[in-house]
Amino acid sequence: MSWPITLRNVTKRFGDRTILDDISLTIPPGEIVALLGPSGGGKSTLIRCLNGLNEFDAGEIEVGPHRLLAGSRNRRSDIQQVRRGFGMIFQDFQLFPHLSVLDNVVEAPIRVLHLSTPEAKLRAQRLLERVGMSDHVTAFPQQLSGGQKQRVAIARALAMEPRGLLCDEITSALDPELKGEVLNVLEDLKRDRLTIVLVTHEIGFARRAADRVVVLCDGRILEEGPPADVLERPKTERMGVFLKRVMG
């Protein structure tokens, strides 16, 4: 079962700069949310706070049954449960270079979930087939294209049977063809009804696959709603300027 996410008045500062400014947001279980907005608007910081990678200065976050508090008051066990429940996929893949594709995917299920090696390999092979990487199980990351690495990273996250995924600009370093490979995999995940929060600049994908678009600008939510409403009928001048820049 997917987990919901709730942010209440979350504020994050780096020195004198406010990155997230009193953000409140509710994401129901199974919803796909695309986080859009200009660079520096707080998108990546927000999902890093959701995953416990960044502390925040005020407010609180609920991820499923777990609550994250401002500052350093969180128990390590709570952060670990949040990270186990929500897989994080990064722009730079973060695959283990010394492990094969198959071993990258089985590592966490064996070490963290304590699956047997045969069970973990069976799960990994099924997921690698799903993301179109079943012919590369013995390859090493340096032998793969960027799109292939990212698909392995998605399979690795799914191997933990998460309640959701947090994706931080996972296609920004890829050329258009490779972006399509990765976005097609994410679109296929809609049938699993995972809660997915995706930081992206891919407006077309957001319009096609997201249930909701949330636009962050200067640390605040500029607009949010169904993709057709936000992307085709912006309510603010600032949103119109943003769309004009990203869509040419």
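Points to keep in mind about this one:
- Residue ID - farthest from the chain's Cα centre (by Cα), chosen from residues in region 15-59 that are charged (D, E, K, R) and under 23 Å from Glu161 (Cβ atoms): Glu31
- Boolean, Asp57 is open to solvent by 60 Å² or more (accessible area, probe 1.4 Å) and either among the aliphatic types (A, V, I, L, M) or touching a residue at least 24 places away in the same chain (Cβ under 8 Å) (or both): yes
- Among (1) more than 13 Å from the chain's Cα centre (by Cα); (2) of a type in the set (A, V, I, L, M); (3) open to solvent by less than 10 Å² (accessible area, probe 1.4 Å); (4) within 29 Å of Ser134 (Cα to Cα), the one test that Met239 misses: (4)
- Evaluated against (1) assigned to a loop (DSSP other than H, G, I, E, B); (2) more than 24 Å from Leu183 (Cβ to Cβ), Leu95 falls short on exactly one condition, (2).
- Taken residue by residue, region 134-151 has at least one member that is within 15 Å of the chain's Cα centre (by Cα) and either polar (S, T, N, Q) or surrounded by 15 or more Cβ atoms within 10 Å (Cβ to Cβ) (or both).
- Those residues of region 1-53 which are touching a strand residue (DSSP E or B) at 6+ places or on another chain (Cβ under 7 Å) and assigned to a loop (DSSP other than H, G, I, E, B), in sequence order: Ser2, Trp3, Pro4, Pro29, Gly30, Glu31, Gly37, Pro38, Gly41, Gly42, Asn51, Gly52
- Leu20 open to solvent by 20 Å² or more (accessible area, probe 1.4 Å) and of a type in the set (A, V, I, L, M): no
- For region 54-80, filtering for residues that are of a type in the set (D, E, K, R) and outside any strand (DSSP E or B) leaves 6.
- Here the helices (runs of 4 or more DSSP H) wholly within region 173-248 that include at least 3 residues being under 27 Å from Ala159 (Cβ atoms) are 176-188, 203-209.
- All positions within region 152-172 that are assigned to a helix (DSSP H, G or I) and of a type in the set (Asp, Glu): none
- Filter result for Ala209 (among the small types (Gly, Ala, Ser), farther than 19 Å from Thr45 by Cβ and either crowded, with 18+ Cβ neighbours inside 10 Å or touching a Pro at 6+ places or on another chain (Cβ under 7 Å) (or both)): yes
- In region 104-128, the residues that are surrounded by fewer than 18 Cβ atoms within 10 Å (Cβ to Cβ) and in a helix (DSSP H, G or I): Glu107, Ala108, Ile110, Arg111, Thr117, Pro118, Glu119, Leu122, Gln125, Arg126
- Within region 14-28, residues that are acidic (Asp, Glu) sit with their Cβ atoms under 7 Å from residues that are open to solvent by less than 10 Å² (accessible area, probe 1.4 Å), at 6+ positions apart or across chains, in these pairs: Asp21/Gly219.
- Exactly one residue out of Val105, Val82 is at pLDDT 95 or above and out of contact with any Asp or Glu (no Cβ under 9 Å at 6 or more places or on another chain): that is Val105.
- Within region 33-50, restricting attention to residues that are among the β-branched types (Val, Ile, Thr) and open to solvent by less than 10 Å² (accessible area, probe 1.4 Å), the residue that is farthest from Leu231 (Cα to Cα) is Ile47.
- Cβ-Cβ under 6 Å pairs, at least 6 apart or on other chains, region 97-111 side of a type outside the set (D, E, K, R), far side open to solvent by 50 Å² or more (accessible area, probe 1.4 Å): Ser100/Thr138; Ser100/Phe140; Val101/His136; Asn104/Phe96; Val106/Lys121
- Single match in Val185, Val241, Val197, Val230 (criterion: under 16 Å from Ile27 (Cα atoms) and hydrophobic (A, V, I, L, M, F, W, C)): Val197
The values are calculated or read from the model by the stated rules, or taken from the named source; none is laboratory data. Just so we're clear, the structure is a prediction, and the values are computed from it rather than from any experiment. Here Cβ is always computed from backbone atoms with ideal geometry, including for glycine, and neighbour counts include all displayed protein chains. The accessibility values were calculated without ligands, DNA or RNA, using every heavy atom of the protein model including side chains. Shrake-Rupley method; radii C 1.70, N 1.55, O 1.52, S 1.80 Å.
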